[in-house]
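The values are calculated or read from the model by the stated rules, or taken from the named source; none is laboratory data. This is a predicted model, so every value here is computed, not measured. Cβ atoms come from the backbone with ideal geometry, glycine included; neighbour counts cover every protein chain shown.
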Amino acid sequence: MSIPVFHTNDRDLPDLALKKCPQVIENFKQTYGIEPDFVSRSPGRVNLIGEHIDYTDFSVLPLAIENDMLCAVKILERKENPSITLTNSDSRFAQRKFDLPLDGSYVTIDPSISDWSNYFKCGLHVAQQFLKGLHPQLYLNNPLIGLQVFCQSDIPVGSGLSSSSAFICAVALAVIRANLGTTYAVSKKDLTRITCIAEHYLGVSNGGMDQATSVYGQEDHALFVEFKPNLKATPFKFPKLQNHEIQFLIANTLIVANKFDTAPTNYNLRVIEVTTAANVLANKYGVALPHIPDSTMERGNLRDFMDAYYARYPVSHDNESKDVIMIEIERLTKMLELVEESLGEKKEGFTVDDVAEALDCSREEYTRDYLLVFPVRFQVLKLYKRAKHVFSEAQRVLKALKLMTSASPIENDEEFFQQFGQLMNESQESCDKLYECSCPEIDTICSTALQNGSYGSRLTGAGWGGCTVHLVSSGPNGNVEKVKKALIDQYYKVVCPNISDKELEEVILVSKPALGSC
Ligand code: NG1
Ligand code: MG
């Protein structure tokens, strides 16, 4: 069944979206002197646990937040030269205008220039691709309809809360809506599928967590997002505790992680390291990985390796006694043993020659197949550390899911907080030491929060700056205020002595799980 994304009826919209709409509509009117036809929105997300494993197809545990991107849109009449005009409420992003090609070809995206309109173009591109697939006779050789757009977001940029994905999802939804009208409702599955690959046009080899969360978000629910065998986002509520309410506090390091400048040594390099690790393991244990067009690297990933390994060496389970999650946790333990066994000799890294040897190919073949797909720079490839992070993080997600969705009521609040918090802390340790995606500011914020009562503290999103997430409690015995105060006094007032109260409200967020794209 496909769940449509559009809310055709205002009563379905959450209060929050309705509250924010009048302002973006007013801003639109001020800018363009007319009323917009509709507003499309998509939220940011915070990932509770499961970092840097979406692009290896392991499941993650995020939730959509109340901060979102709103696009107020006016559909222009069909005329000879359709164009797009973009205005942003954030004055750092100046107005842009560009024409839509008359022959139905795509607008050019130049990934070497970092301009905010590139994100719009990515959303436009994937929506156009989708429309061409749906109605070739209408969209193959004909232009899209022109638009005037006013964009307004309260998701901090470059902070690991997925401002980029929220923007792209809101844009793709708006373009589909503008061209097909209200009678067509794109499904959440399609909107996720097309937006997942949109940032690839900007040279970032990302996975699908952010888009899936932005699209599937549900009020008061976190999501268990699976990528294999198919993309699936299952909403769940936090468990009821005896005396506390579970809260996640989000604190921004204020360090902006600029993906474009750093992707070659950070994000993209990690994607290549884990893809290489998967192929080295596959070669070692004599299994073949699928080469899937349109997947992140088209060369198979660590999840594919795990599946192929168990297809080749099946184990029988005394099935009655174990659930699927327990079985997968055990499989991941086995994967960690294989990592020790076959990558552990070169803990500090493989050279290109080492890798070529392990893959039985030439240096040139390896370079062609892996290193020329997305821009990267490195000295050595840390296959052992990266693979160890991925398998152990995938295991922590499943353990966290078990805690969150346990059938039996939670008897002891403290035990829940300790156990979930420990998984978050282990995740941070692994991101820092094995995946090397933390930074000193993240470390400072996490240790300050932990010393002041947080049960678990970690980076969220890609890392190298951006935001952190902390497990705290609210209610009569809650500690959320104490942790907040400690972060203000010991971090924010130290790094920005003149920070205002309003700014503080933006850098420390406590957000309820929110509704996805609409
Ligand atoms: P952020 O922090 O939003 O850039 C990135 C990727 C995710 C995921 C996380 C790490 C994009 C759009 N998103 O998130 O797919 O891999 O890092 O878990 O690049
Ligand atoms: Mg992003």
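For residue 64, are the conditions met, namely being within 16 Å of ligand 1 (Cβ to nearest atom), at pLDDT 95 or above and part of a strand (DSSP E or B)? First the steps, then the outcome.
Working: within 16 Å of ligand 1 (Cβ to nearest atom): yes; at pLDDT 95 or above: yes; part of a strand (DSSP E or B): yes.
Considered against the rule, which asks whether it is within 16 Å of ligand 1 (Cβ to nearest atom), at pLDDT 95 or above and part of a strand (DSSP E or B), residue 64 comes out as yes.
Under 6 Å between Cβ atoms, at least 6 apart or on separate chains: pull out the pairs that start in region 209-229 with a residue that is within 16 Å of ligand 2 (Cβ to nearest atom) and end on any residue that is outside any loop (DSSP other than H, G, I, E, B) and among the hydroxyl-bearing types (Ser, Thr, Tyr).
Taking only residues 6 or more apart or on different chains, the pairs are 210/165; 211/165; 211/192; 211/195; 212/192; 214/42; 214/165; 215/192.
Results for (1) on the phi > 0 side of the Ramachandran plot; (2) among the hydrophobic types (A, V, I, L, M, F, W, C); (3) outside any helix (DSSP H, G or I), shown as yes or no for each residue.
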residue	(1), (2), (3)
256	no, yes, yes
272	no, yes, no
279	no, no, no
289	no, yes, yes
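Condition (residue is away from ligand 2 (no atom under 16 Å from the Cβ) and on the phi > 0 side of the Ramachandran plot) applied to region 83-106: is it met by at least one residue?
Yes, some residue in region 83-106 is away from ligand 2 (no atom under 16 Å from the Cβ) and on the phi > 0 side of the Ramachandran plot.
Among the residues of region 141-150, is there at least one that is surrounded by fewer than 19 Cβ atoms within 10 Å (Cβ to Cβ) and either touching a residue at least 60 places away in the same chain (Cβ under 8 Å) or part of a helix (DSSP H, G or I) (or both)?
Within region 141-150, the subset surrounded by fewer than 19 Cβ atoms within 10 Å (Cβ to Cβ) is 141-142, 145.
Cutting the leftovers down to either touching a residue at least 60 places away in the same chain (Cβ under 8 Å) or part of a helix (DSSP H, G or I) (or both) gives us 145.
Yes, region 141-150 contains at least one residue that is surrounded by fewer than 19 Cβ atoms within 10 Å (Cβ to Cβ) and either touching a residue at least 60 places away in the same chain (Cβ under 8 Å) or part of a helix (DSSP H, G or I) (or both).
Need pairs with beta-carbon distance below 6 Å; first residue closer than 19 Å to residue 255 by Cα and outside any loop (DSSP other than H, G, I, E, B) and within region 492-518, second at pLDDT 95 or above and not hydrophobic (A, V, I, L, M, F, W, C); sequence gap 6+ or separate chains.
507/252; 508/484
Could you pull out the residue among 162, 205 that is touching a Phe, Trp or Tyr at 6+ places or on another chain (Cβ under 6 Å) and within 23 Å of residue 390 (Cβ to Cβ)?
Working: 162 fails: touching a Phe, Trp or Tyr at 6+ places or on another chain (Cβ under 6 Å).
Exactly one residue qualifies, and that residue is 205.
Tell me whether region 85-97 contains one or more residues that are touching a Lys or Arg at 6+ places or on another chain (Cβ under 8 Å) and at pLDDT 95 or above. Quick ask: steps written out before the conclusion?
Within region 85-97, the first condition is being touching a Lys or Arg at 6+ places or on another chain (Cβ under 8 Å), and the residues that meet it are 85-86.
Pick out the ones that are also at pLDDT 95 or above and you get 85-86.
Taking every residue of region 85-97 in turn, at least one turns out to be touching a Lys or Arg at 6+ places or on another chain (Cβ under 8 Å) and at pLDDT 95 or above.
Kindly provide the set of residues from region 411-455 that are out of contact with any strand residue (DSSP E or B) (no Cβ under 8 Å at 6 or more places or on another chain), part of a loop (DSSP other than H, G, I, E, B) and at pLDDT 95 or above, ordered by number.
Across region 411-455, the qualifying residues are 434, 435, 436, 439, 452.
Here are the criteria: (1) modelled with pLDDT under 95; (2) more than 30 Å from residue 261 (Cβ to Cβ); (3) touching a helix residue (DSSP H, G or I) at 6+ places or on another chain (Cβ under 7 Å). Tell me which single one residue 282 does not satisfy.
(1)
Given the options 462, 514, name the one that is buried (at least 22 other Cβ atoms within 10 Å of the Cβ), closer than 27 Å to residue 69 by Cα and touching a Phe, Trp or Tyr at 6+ places or on another chain (Cβ under 8 Å). Spell out the reasoning first.
Values: 514 fails: touching a Phe, Trp or Tyr at 6+ places or on another chain (Cβ under 8 Å).
Going through 462, 514 in turn, the sole match is 462.
Taking region 25-57 on its own, how many of its residues are in a loop (DSSP other than H, G, I, E, B) and out of contact with any strand residue (DSSP E or B) (no Cβ under 9 Å at 6 or more places or on another chain)?
Step one: list which residues in region 25-57 are in a loop (DSSP other than H, G, I, E, B), which gives 33-37, 50-53, 57.
From the residues that got through so far, the ones that are out of contact with any strand residue (DSSP E or B) (no Cβ under 9 Å at 6 or more places or on another chain) too are 33, 52.
So the answer is 2.
Given the condition within 14 Å of residue 144 (Cα to Cα), more than 16 Å from ligand 2 (Cβ to nearest atom) and acidic (Asp, Glu), answer yes or no: does some residue in region 52-71 qualify?
In the first step, residues of region 52-71 are kept if they are within 14 Å of residue 144 (Cα to Cα); the result is none.
So far as region 52-71 goes, no, none of its residues is within 14 Å of residue 144 (Cα to Cα), more than 16 Å from ligand 2 (Cβ to nearest atom) and acidic (Asp, Glu).
For residue 201, which of the numbered conditions (1) touching a Cys at 6+ places or on another chain (Cβ under 6 Å); (2) of a type in the set (Ser, Thr, Tyr); (3) modelled with pLDDT of 95 or more fails to hold?
The failed condition is (3).
Output the residues belonging to region 131-177 that are over 20 Å from residue 253 (Cβ atoms) and within 16 Å of ligand 2 (Cβ to nearest atom).
Applying the first criterion (over 20 Å from residue 253 (Cβ atoms)) to region 131-177 yields 131-152, 167-177.
If the condition is that a residue be over 20 Å from residue 253 (Cβ atoms) and within 16 Å of ligand 2 (Cβ to nearest atom), then 151, 167, 168, 169, 170, 171, 172 are the ones that fit.
Which of the residues belonging to region 178-199 are surrounded by fewer than 21 Cβ atoms within 10 Å (Cβ to Cβ) and within 16 Å of ligand 2 (Cβ to nearest atom)?
Of the residues in region 178-199, the ones surrounded by fewer than 21 Cβ atoms within 10 Å (Cβ to Cβ) are 179-185, 187-190, 193, 197.
Once the filter is applied, which keeps residues that are surrounded by fewer than 21 Cβ atoms within 10 Å (Cβ to Cβ) and within 16 Å of ligand 2 (Cβ to nearest atom), region 178-199 yields only 197.
Of the residues in region 153-176, how many are surrounded by fewer than 22 Cβ atoms within 10 Å (Cβ to Cβ) and more than 15 Å from the chain's Cα centre (by Cα)?
Residues in region 153-176 being surrounded by fewer than 22 Cβ atoms within 10 Å (Cβ to Cβ) and more than 15 Å from the chain's Cα centre (by Cα): 1 in total.
Taking region 422-442 as the region of interest, how many residues are among the aliphatic types (A, V, I, L, M) and farther than 13 Å from residue 469 by Cα?
Looking only at that region, the number is 1.
One residue is enough: does region 49-56 have a residue meeting the conditions in contact (Cβ under 8 Å) with a residue 12 or more places away in the chain, surrounded by fewer than 22 Cβ atoms within 10 Å (Cβ to Cβ) and not basic (Lys, Arg)? Break it down into steps so the answer makes sense when it comes.
Taking region 49-56 first, the residues in contact (Cβ under 8 Å) with a residue 12 or more places away in the chain are 49-56.
Going one step further and asking which of them are surrounded by fewer than 22 Cβ atoms within 10 Å (Cβ to Cβ), we end up with none.
Checking region 49-56: not a single residue is in contact (Cβ under 8 Å) with a residue 12 or more places away in the chain, surrounded by fewer than 22 Cβ atoms within 10 Å (Cβ to Cβ) and not basic (Lys, Arg).
Would you tally the residues in region 258-286 being farther than 18 Å from residue 378 by Cβ and either within 13 Å of ligand 1 (Cβ to nearest atom) or buried (at least 19 other Cβ atoms within 10 Å of the Cβ) (or both)?
First, the residues of region 258-286 that are farther than 18 Å from residue 378 by Cβ: 258, 281-286.
Restricting the remaining residues to those that are either within 13 Å of ligand 1 (Cβ to nearest atom) or buried (at least 19 other Cβ atoms within 10 Å of the Cβ) (or both) gives 258, 281-282.
Counting residues in region 258-286 that are farther than 18 Å from residue 378 by Cβ and either within 13 Å of ligand 1 (Cβ to nearest atom) or buried (at least 19 other Cβ atoms within 10 Å of the Cβ) (or both) gives 3.
Assuming residue 233 fulfils every condition listed in (1) without any contact (Cβ under 8 Å) to a residue 60 or more places away in the chain; (2) within 12 Å of ligand 1 (Cβ to nearest atom); (3) among the hydrophobic types (A, V, I, L, M, F, W, C) apart from one, which condition is it?
(2)
Name the pairs: first residue in region 355-383 and farther than 28 Å from residue 430 by Cα, second residue among the acidic types (Asp, Glu) and at pLDDT 95 or above, Cβ to Cβ under 9 Å, at least 6 apart or on different chains?
363/353
Of 364, 393, 357, which residue is crowded, with 21+ Cβ neighbours inside 10 Å, part of a helix (DSSP H, G or I) and among the acidic types (Asp, Glu)?
Details: 364 fails: crowded, with 21+ Cβ neighbours inside 10 Å; 357 fails: crowded, with 21+ Cβ neighbours inside 10 Å.
Result of the check over 364, 393, 357: 393.
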